[in-house]
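Enquirer: If you scroll down you'll find the structure; I have some questions about it.
The values are calculated or read from the model by the stated rules, or taken from the named source; none is laboratory data. What you see is a predicted model, and the numbers here were worked out from it, not measured in a lab. Cβ atoms come from the backbone with ideal geometry, glycine included; neighbour counts cover every protein chain shown. Each accessible area value is taken on the protein alone, full model and side chains, heavy atoms only, with ligands, DNA and RNA left out. Shrake-Rupley method; radii C 1.70, N 1.55, O 1.52, S 1.80 Å.
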Amino acid sequence: MKNIRNFCIIAHIDHGKSTLADRMLEMTQTISERKMQDQALDNMDLERERGITIKSHAIQLNYQHKGEEYIFNLIDTPGHVDFSYEVSRSIAACEGALLLVDAAQGVQAQTISNLYLALENDLEIIPVLNKVDMPSAMVDEMSEEVVDLLGCELEDIILASGKTGLGLENIFEAIIERIPAPEGDPEAPLQAMIFDSMFDKYRGVIAYFRVFNGRLKKNDAIQFFNTQSDFFANEIGILKMDQVPQEMVEAGNVGYVITGTKDSKEVKVGDTITLQENKCEEAIQGFEDVKPMVFAGIFPIENDDFEDLRDALEKLQLNDASLIFQPETSVALGFGFRCGFLGMLHLEIIQERLEREYDQNVLTTVPNVSYFAYTKKGEKLTINTPNDLPGPTILDYVEEPYIRAQIISKPEYIGGIIKLCMEKRGILKNQQYLTTSRLELTFELPLAEIVFDFYDKLKTISRGYASFDYTPLDYRQSDLVKLDVLLNSENVDAFSSLIHRTKAVAFGKRMCAKLKDILPKQQFKIAIQAAIGAKIVARENISALRKDVTAKCYGGDISRKRKLLEKQKKGKKKMREVGNVQVPQKAFLDVLKLD
Ligand code: GTP
């Protein structure tokens, strides 16, 4: 055990975690040159296409140092705020963290928040100033920032480049010398914490764990402590580029177990694995439950696919513990699920993963945050969908969630940033210079104002030179109204939103205009209206398709045409009938992209 080191790589988004991990894989010959491709650990297609890490990835490396053989369990983590739950779980499996800071960009918002996460878990921090090969690197200045942030010595900072491989030897040495070897008793009853899991079509649930005490052997009769379910460890092993089966995984080490179960509800991330005979006395304290920030309905395009969708969500949840869902009914859309996400990027990724990995054809309704409604009788209700809001005779008042936002940018963009935050009903609480060229602003803002397009606007205003992070703060009373959208006088509940009274009319107008763009012309005229209560506040019309256009469709060889039509039907339906109006799948999300 004294030669094991468990650590993760944490950083602000794009500061080079995955690239540095690539070099580590190469230098330890964990992956052959022939198989090497950039960001080797980002194995999901979506991650490669978008160039971002979505999942944490655990891998074991072997390293020789001063004649000794070391085992490194490395976890590469995502940088985007929406995936911070992945980071917090990875941290729970480690004793140390490499904190990467881009030498051109310096300390950014998620550098700070990820560092705090690691410190709360008592991890040993190794600061690495990365990308020093870049012409724009400002090594001295940024090193000073890191010293300020950590209160460390200048000599503690390792200068590195994931691109050229510079500094890698020093990093390996620091991992061995500075990160403590895991503690734990291999002779004690088994206690292994599940920090991640996934579903494999053929092999069922695969759980990734870190053993804190005891040892897990192949074919052991095991129990998941909290769910109290019993299984056999059909296969156990360690994680290299592929899973490598072993006879035993001992205290201090990281591995995987396959029990053969296909029931995703049996295996919970955060749970403890123990042995049925010789049980441990208590579970390892897992990590905090996730708090979703944004809610939206996910509905199957075809009503019949509801059960398939449930199954897919359950399986996806195994691999994404931050996804939560419960059944929901919509008048317009029928049966579906109300899902909680950590942000809009998370929502987008879930929707895409459902389509790609589980072949589900879904639509997502207009997202909203979670509110508290207080009734005149003094009851407190949680409102995760605008349609749950009680009517005016029952409702007393509504509270909405606020967050504390940290924005780091250059002085020349501060004016624009403050203006943006004011427009979003923000309150400036503090501003301080980190260096002469970078300033940190602290705002209190309603969560509802930042989840949708705030980050994009911030990036535009600051030409990309602003980083942003937020933490939940409290709930505050707010003057919110429910805005409904009607298509041909029929209320489409899936388009409803709760919005601050001062913004409701303008929002309704823009929503109608946007829907006019999005909805395809149909055989009849469509009236789009926005309403607050019984009052219509905005209206647009879509004229009917002209006859001759439709006529064309029916020309030509009828049987060929019919075949074509059949074929199209089999292809994925991208529309959903709402009342008598065809609504495209993406309409509910696109209406939010208002500008
Ligand atoms: P997320 O996981 O999505 O937060 O990103 P990341 O931190 O893993 O960053 P990634 O390794 O994907 O690198 C981001 C970009 O920086 C890529 O375009 C890399 O090619 C580039 N990059 C990474 N490391 C270096 C480096 O040492 N030098 C230079 N010049 N570029 C680098």
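Enquirer: To the nearest µm²/s, what D does Stokes-Einstein give for the chain at 25 °C and 0.890 mPa s, using the Kirkwood radius over alpha carbon pairs as Rh?
Expert: Translational diffusion coefficient: 93 µm²/s.
Enquirer: Between residue 380 and residue 348, what length in nm is gained on full extension when 0.36 nm per residue of separation is reduced by their alpha carbon distance?
Expert: 8.4 nm
Enquirer: Once phi is turned into ³J(HN,Hα) by the Karplus curve 6.51 cos²θ - 1.76 cosθ + 1.60 with θ = phi - 60°, what whole-Hz value does each residue of segment 467-479 show in order, with x for glycine and proline?
Expert: So the Karplus estimates, Gly and Pro as x, are 10, 9, 8, 8, 10, x, 10, 7, 10, 10, 4, 8, 8 Hz.
Enquirer: Roughly how many Å² of residue 120 are accessible to a 1.4 Å probe, to the nearest 10?
Expert: It works out to around 140 Å².
Enquirer: Moving on. Under a point-charge model restricted to the Cβ atoms of Lys and Arg (+1) and Asp and Glu (-1), what is the dipole moment magnitude of segment 453-553 relative to its Cα centre, in debye to the nearest 20?
Expert: Using only the charged Cβ atoms, the result is roughly 520 debye.
Enquirer: I would also like to ask the following. Could you compute how much accessible surface residue 410 exposes when probed at 1.4 Å, giving the result in Å² to the nearest 10?
Expert: 60 Å²
Enquirer: Using the alpha-carbon atoms, what tilt in degrees (0 to 90, nearest 10) does helix 414-423 show relative to the longest principal axis of the chain?
Expert: 50 degrees
Enquirer: For segment 464-552, which semi-axes, largest first and in whole Å, follow from the square roots of 5 times the eigenvalues of its Cα gyration tensor?
Expert: Semi-axis lengths for segment 464-552 are 34, 18, 10 Å.
Enquirer: Could you calculate the FRET efficiency of residue 153 with residue 429 from 1/(1 + (r/R0)^6), where r is the beta carbon distance between them and R0 is 35 Å, rounded to 0.05?
Expert: Step by step, r from the Cβ atoms, then E = 0.60.
Enquirer: Related question: Just to be sure I understand the model, the point goes 7 Å from the Cα along the line to the Cβ. What's the resulting residue 527 to residue 45 distance in nm?
Expert: Here the answer is 4.5 nm between the modelled labels.
Enquirer: Follow-up. Averaged per residue, what accessible surface does segment 125-223 expose to a 1.4 Å probe, in Å²?
Expert: 44 Å²
Enquirer: Mind giving me the FRET efficiency for residue 412 and residue 3? R0 is 45 Å, r the Cβ-Cβ distance, nearest 0.05 is fine.
Expert: After rounding, the FRET efficiency stands at 0.30.
Enquirer: Taking a temperature of 20 °C and a viscosity of 1.002 mPa s, what whole-number D in µm²/s does Stokes-Einstein yield for segment 273-390 with Rh from Kirkwood over alpha carbon pairs?
Expert: Once the numbers are plugged in, D ends up at 133 µm²/s.
Enquirer: Using the heavy atoms of the protein chains alone and a 1.4 angstrom probe, what is the accessible area of segment 251-393 per residue in square angstrom?
Expert: With all protein chains present, segment 251-393 gives 42 Å² per residue.
Enquirer: What is the dipole size for the chain, taken about its Cα centre, with +1 at each Lys and Arg Cβ and -1 at each Asp and Glu Cβ, in debye to the nearest 20?
Expert: Once rounded to the nearest 20, the dipole reads 3880 debye.
Enquirer: As I understand it, the dipole of the chain uses +1 on the Cβ of Lys and Arg and -1 on the Cβ of Asp and Glu, about the Cα centre. Which of 180, 198, 245 lies farthest toward its positive end?
Expert: Value computed over the given set: 198.
Enquirer: What percent do you get for the relative contact order of segment 1-131 when only Cα pairs under 8 Å and 6+ apart count?
Expert: Relative contact order for segment 1-131 comes out at 34 percent.
Enquirer: What is the angle, in °, between the Cα long axis of helix 17-27 and the longest principal axis of the Cα atoms in the chain? Nearest 10 is fine, range 0 to 90.
Expert: That works out to roughly 40 degrees.
Enquirer: Using alpha carbons only, how many degrees (0 to 90, rounded to 10) separate the axis of helix 501-518 from the longest principal axis of the chain?
Expert: So the inclination is approximately 80 degrees.
Enquirer: Under a 1.4 angstrom probe, counting protein chains only, how are 148, 76, 308 ranked by accessible area, largest first?
Expert: 148, 308, 76
Enquirer: Can you tell me what percent of all Cα-Cα pairs in segment 219-352 are more than 26 Å apart?
Expert: So the pairs more than 26 Å apart make up 38 percent of the total in segment 219-352.
Enquirer: What number do you get for segment 76-220 when its Cα radius of gyration is normalised by 2.2 N^0.38 Å, N = residues?
Expert: Compactness ratio reported: 1.23.
Enquirer: Moving to a separate point now. Mind computing the radius of gyration and Dmax over the alpha-carbon atoms of segment 137-184? Å is fine for both.
Expert: 12.8, 42
Enquirer: Run the helix sum for the chain: -39,500 (n - 2.57) per DSSP H stretch of 4+ residues, divided by residue count, reported at 222 nm to the nearest 500 deg cm²/dmol.
Expert: Computed ellipticity for the chain at 222 nm equals -7500 deg cm²/dmol.
Enquirer: How far, in nm, would the chain grow between residue 442 and residue 404 when pulled straight, counting 0.36 nm per residue and subtracting the alpha carbon separation?
Expert: Contour length minus Cα-Cα distance gives 13.0 nm.
Enquirer: Another question about this same structure. When all C-alpha to C-alpha distances in segment 175-276 are sorted into bins of 5 Å, what percent of pairs does each bin hold, rounded to whole numbers?
Expert: Reading the bins upward from 0: 3, 14, 25, 27, 17, 8, 4, 2, 0.
Enquirer: Follow-up question, since we're still on this one. Report the Cα-based extents of segment 369-453 along its three principal axes, largest first, to the nearest Å.
Expert: So the extents along the principal axes, rounded to whole Å, are 54, 22, 16.
Enquirer: Carbon and sulfur atoms: what percent of the 1.4 Å accessible area of segment 425-555 do they account for?
Expert: On segment 425-555, the fraction of accessible area on carbon and sulfur atoms equals 53 percent.
Enquirer: Expressed as a whole number of Å, what is the distance separating the alpha-carbon centroids of segment 379-426 and segment 139-198?
Expert: The distance from the Cα centre of segment 139-198 to that of segment 379-426 comes to 38 Å.
Enquirer: Using a 1.4 Å probe on the protein chains only, how many percent of the accessible area of segment 1-113 belongs to carbon and sulfur?
Expert: That fraction is 43 percent.
Enquirer: Would you mind telling me the share, in percent, of accessible area of segment 316-371 contributed by carbon and sulfur at probe 1.4 angstrom?
Expert: Ligands and nucleic acids excluded, carbon and sulfur reach 52 percent.
Enquirer: Please name whichever of 98, 63, 123 sits farthest to the positive end of the charge dipole of segment 1-133, dipole taken about the Cα centre and charges placed at Cβ: Lys and Arg +1, Asp and Glu -1.
Expert: 63
Enquirer: How high is the relative contact order of the chain? Use alpha-carbon pairs under 8 Å, at least six apart in sequence, and give a whole percent.
Expert: Normalised by residue count, the contact order of the chain is 9 percent.
Enquirer: Using only the Cα atoms of segment 269-328, what are the Rg and Dmax in Å?
Expert: Cα radius of gyration and Dmax of segment 269-328 are 16.3, 50 Å respectively.
Enquirer: Here is a follow-up. Show log10 I(q)/I(0) for segment 446-510 at q = 0.28 Å⁻¹, two decimals, from a solvent-free Debye sum over equal Cα scatterers.
Expert: -1.19
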